[in-house]
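Colleague: Before anything else, here's the structure in question.
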Amino acid sequence: MALKHQAPRGTRDLLPAELERWQWVEARARGVLARYGYGEIRTPMFEDYELFARTSGEASEVVQKEMYRFKDLKGRDLALRPEGTAGVCRAFLEHGLASQGRIHRLWYMGPMFRYGRPQKGRYRQFWQIGAEVIGTLAPGADVEIITLFVDLFEAWGFRDLTVAVNSVGTPAIRARYGEALRQWLAPAREKLSADSQRRLEENPLRVLDSKDPQDLAVLGERAATMPKLLDALDEEARAHWTAVLARLDAAGVRHEIDHGLVRGLDYYTRTTFEVHDRSLGAQSALGGGGRYDGLIEDLGGPPTPGVGFSIGLDRVLLMLEQRESAAAPAAGGVFVASMDATRIEVPALVRALRREFTVDCDLEERGFGAQMKSAGKSGARLLVLLGEEEWKRGEVVIKDLGSGDQQAVRREKLEDTLRERLRRPQESPAR
Ligand code: HAM
């Protein structure tokens, strides 16, 4: 039978088994972010289209090709958010956060939307977790943000990450560098993809960001003579860059300079960074970020520097599945089974136990054999059995579903005993 509806192309349903991993990833992240002292912020999933056009850049791929832009019933020009930074900065201004302290450390998590061609690791609705430090130009903020970025990956079990770093200077430096890039690519112009020939006119730095095999071949052939952004930095931008590198070394963050790292959004200034995992194929960026010292001013605010990152959670989850290193579902749990005479007691007991434990039971109130089968399948570690005789005496039986050991305990002692038993390492099944 053909289904009448499917999830829209590029979107996915996340089902309970998968969500266990997601919850684990989110919980680990929340722990790290709390210890770093970042406060969570939630902004709308859609905003004025103009907010994104102004910040990500009219000429960026995201704005030109990937926006979910729509008019509401009153004709307002809106768009689903393709990223989180613009909304966070808008909220920062709208709520006058600047008057509540000089430096703000914020984080967010939620779905973002980009109309790209769906493929492994690339979706039209995807999840990001991101953090921003708003209010200081100090290199220490860049380093804290990069350290936090790496520590999130470490909390998810990624080891020995190397962060690619670069500096994209200021808009004036980039304009000069763009000219140098244009001249460097001019002899190979015809060999570039049609898109990159256009980029060469509009914004030559974008050519460095292209994933097109034709462009990659041209860039590869000419790599040795490519002009470098770092060589184009002015004194101030260079001093910032050197200070960031020195502090990254001091903090023990492994990094390497990537001269081609220009990022896909237009708001970046100075430091940019990314991490990739090539096993993901073409969509290999797990996360990235950088400084955006002009963004808040562009939105009509006072000059206010910022630096931040976002991590693509769908890609992180893909990696964890590949490595099977995400937490196994928590072992534990209790199944409550009853006899005919004690069935009526189950809802109250289950409800009481669920204040502390993960508890399952048979909703269909079937016979004892069927309940035992369900208990076996449930993944529960302990069975709490309400035997008729025991219940009358004020007792229940606890059975270890692995080893088969049984123990009768007073009802008043049930919670204490479960707590103590579930804390013990799991016994191997009886042979
Ligand atoms: P971005 O590099 O555009 O940066 O996105 C960050 C991450 O989101 C990417 O590295 C990737 O893992 C994930 N991502 C992007 N597009 C998709 C997609 N279509 N499907 C799945 N995952 C995707 C930003 O968004 C900036 N807001 C980062 C930032 C924060 N810069 C400063 N502050």
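Colleague: Of all residues in region 297-325 being farther than 16 Å from residue 90 by Cβ and among the aliphatic types (A, V, I, L, M), which is farthest from the chain's Cα centre (by Cα)?
Modeller: 307
Colleague: Contact list please: Cβ distance under 6 Å, first residue in region 231-247 and closer than 23 Å to residue 181 by Cα, second residue surrounded by fewer than 21 Cβ atoms within 10 Å (Cβ to Cβ) and among the charged types (D, E, K, R), pairs at least six apart or on different chains.
Modeller: As it stands, the answer is 232/176, since those pairs meet every condition given.
Colleague: Of a type in the set (Val, Ile, Thr), at pLDDT 95 or above and within 16 Å of the chain's Cα centre (by Cα): is that true of residue 134 in this structure? Step through it out loud before you land on a result.
Modeller: Details: of a type in the set (Val, Ile, Thr): yes; at pLDDT 95 or above: yes; within 16 Å of the chain's Cα centre (by Cα): no.
For residue 134, the condition - of a type in the set (Val, Ile, Thr), at pLDDT 95 or above and within 16 Å of the chain's Cα centre (by Cα) - is not met.
Colleague: Please specify each residue of region 364-415 satisfying the condition of being of a type in the set (Asp, Glu) and either out of contact with any Asp or Glu (no Cβ under 9 Å at 6 or more places or on another chain) or within 14 Å of residue 345 (Cα to Cα) (or both). Full working, then the answer.
Modeller: Narrowing region 364-415 to residues of a type in the set (Asp, Glu): 364-365, 388-390, 395, 400, 405, 412, 415.
Hits for region 364-415 are 364, 365, 388, 389, 390, 395, 412.
Colleague: Considering region 118-155 alone, what residues qualify as being part of a loop (DSSP other than H, G, I, E, B) and within 9 Å of the ligand (Cβ to nearest atom)? Don't jump to the end; show me each part of the working.
Modeller: So the first thing to find is which residues in region 118-155 are part of a loop (DSSP other than H, G, I, E, B), and the list is 118, 120-121, 123-124, 135-138.
Once the filter is applied, which keeps residues that are part of a loop (DSSP other than H, G, I, E, B) and within 9 Å of the ligand (Cβ to nearest atom), region 118-155 yields 118, 121, 123, 124.
Colleague: For region 88-106, state whether one or more residues are more than 9 Å from the ligand (Cβ to nearest atom), touching a residue at least 40 places away in the same chain (Cβ under 8 Å), β-branched (Val, Ile, Thr) and under 23 Å from residue 25 (Cα atoms).
Modeller: no
Colleague: Answer yes or no as to whether residue 199 is part of a helix (DSSP H, G or I) and modelled with pLDDT of 90 or more. Talk me through it step by step, then tell me what you get.
Modeller: Working: part of a helix (DSSP H, G or I): yes; modelled with pLDDT of 90 or more: no.
Judged against the criteria, residue 199 is not a match.
Colleague: If we keep just the residues of region 416-425 that are of a type outside the set (Val, Ile, Thr) and more than 17 Å from residue 346 (Cα to Cα), which is surrounded by the fewest Cβ atoms within 10 Å (Cβ to Cβ)?
Modeller: Residues of region 416-425 of a type outside the set (Val, Ile, Thr): 416, 418-425.
Still in the running and more than 17 Å from residue 346 (Cα to Cα): 416, 419-425.
Details: 416: 11, 419: 11, 420: 10, 421: 18, 422: 18, 423: 8, 424: 9, 425: 6.
Top of the filtered list is 425.
Colleague: In region 38-86, which residues are more than 14 Å from the ligand (Cβ to nearest atom) and charged (D, E, K, R)?
Modeller: Matches in region 38-86: 40, 42, 48, 50, 54, 58, 69, 71, 72, 74, 76, 77.
Colleague: Another question, then. Have a look at 17, 29 and point out the one that is part of a helix (DSSP H, G or I), among the small types (Gly, Ala, Ser) and surrounded by 16 or more Cβ atoms within 10 Å (Cβ to Cβ).
Modeller: On the way: 17 fails: surrounded by 16 or more Cβ atoms within 10 Å (Cβ to Cβ).
Within the list 17, 29, the selection yields 29.
Colleague: Would you check if residue 164 is away from the ligand (no atom under 11 Å from the Cβ), assigned to a strand (DSSP E or B) and surrounded by fewer than 20 Cβ atoms within 10 Å (Cβ to Cβ)? So that I can check it myself, show each step before the final result.
Modeller: On the way: away from the ligand (no atom under 11 Å from the Cβ): yes; assigned to a strand (DSSP E or B): yes; surrounded by fewer than 20 Cβ atoms within 10 Å (Cβ to Cβ): yes.
Yes, satisfied.
Colleague: I've got another one for you. Is at least one residue of region 364-377 in contact with a helix residue (DSSP H, G or I) (Cβ under 6 Å, 6 or more places away or on another chain), farther than 14 Å from residue 414 by Cα and without any contact (Cβ under 8 Å) to a residue 40 or more places away in the chain?
Modeller: Our first condition is that a residue be in contact with a helix residue (DSSP H, G or I) (Cβ under 6 Å, 6 or more places away or on another chain); within region 364-377, this holds for 365.
Within this subset, residues satisfying the condition of being farther than 14 Å from residue 414 by Cα are 365.
Those still in the list that are without any contact (Cβ under 8 Å) to a residue 40 or more places away in the chain too: 365.
Yes, that holds for at least one residue.
Colleague: Give region 258-278 a look and list any residue that's β-branched (Val, Ile, Thr) and closer than 17 Å to residue 57 by Cα, or say none. If you could, list the steps in order and put the result at the bottom.
Modeller: Narrowing region 258-278 to residues β-branched (Val, Ile, Thr): 262, 269, 271-272, 275.
Selection gives 262, 269, 272.
Colleague: Now for a different question. For the subset of region 275-322 comprising residues that are on the phi > 0 side of the Ramachandran plot and more than 9 Å from the ligand (Cβ to nearest atom), which member is surrounded by the fewest Cβ atoms within 10 Å (Cβ to Cβ)?
Modeller: Filtering first and then ranking leaves 300.
The values are calculated or read from the model by the stated rules, or taken from the named source; none is laboratory data. Note that the coordinates shown come from a computational prediction; the quantities given were computed from them, not determined experimentally. Heads up, the Cβs are rebuilt from the backbone with ideal geometry, glycines too, and the neighbour counts pull from every protein chain shown.
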